[in-house]
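What follows is calculated from the coordinates using simple rules that are stated; it is not laboratory data. All figures in this text were calculated on a predicted structure; none of them were measured in a lab. Neighbour counts run over all protein chains shown; Cβ positions are idealised from the backbone, glycine included.
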Amino acid sequence: MASLIFSTNSKFKQVWEILIILVALAMSIVLPFAISIRPPFASSDVYHIVLVAVDVLFFIDILFTFRSAKFDLMTGQALEEPEEIARHYVLSVGFVVDVCSCLPWGQFGSSDVFLFLDLFKAVRVFRLGSVLSEMNVQSSTKLVSAKVTVDRYSVC
């Protein structure tokens, strides 16, 4: 039985990556605000349900990443074998960030350390560069999106 691997130019994968980036962008706006100011909405049930939904979405993204072909910059070839994809992903910094971003840190305790660890959800915004590269987006668009990302985090 052939295994399902999403190609590097799969339309589904591109739409999925954009969804993940948009969610991470929303988290990069909401989480610093919720952690630093602690507005009333941060203690509401709806807010916690949204955080759990984001955790589940990011976990599903990890599963999709294990089934997504990668472009190896060293060889110039697409990695399409499940074992190669898994090895490449698990040994990357992205895997650590992805796992940390889908853990429900707020459920482990209410200390500021656990609240701070929730910011891993926002770090996923930095995937924007690799997603744009895989989509063969023009370099001017990449430059603008990189500038927006850097500006966003320099303000925080």
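Points worth noting:
- Sorted peptide list for 20-26, 59-65, criterion being average Cβ within 10 angstrom, highest first: 20-26, 59-65
- 3J(HN,Hα) from dihedral phi, region 18-29, Karplus parametrisation 6.51/-1.76/1.60, rounded to Hz, x for glycine, proline: 5, 4, 4, 5, 5, 5, 5, 5, 4, 5, 5, 8
- Radius 15 Å from Cβ of S36, net charge of other residues (Lys, Arg +1; Asp, Glu -1): -1
- For GluC sites (Glu not before Pro), the sites in region 23-107 that DSSP calls loop and that have at most 16 other Cβ atoms within 10 Å are E80.
- Charge tally in the Cβ shell below 14 Å around T75, where Lys, Arg are +1 and Asp, Glu are -1, T75 excluded: -2
- Multiplying the residue separation of S111 and F41 by 0.36 nm and removing their Cα-Cα distance gives an extension gain of 23.4 nm.
- Under 14 Å, Cβ to Cβ, from L4 - net charge with Lys/Arg +1 and Asp/Glu -1: 0
- The 3J(HN,Hα) values that the Karplus relation (6.51, -1.76, 1.60; θ = phi - 60°) gives for region 44-56 are, in residue order, 7, 5, 4, 4, 5, 5, 4, 4, 5, 4, 5, 4, 5 Hz. Gly and Pro appear as x.
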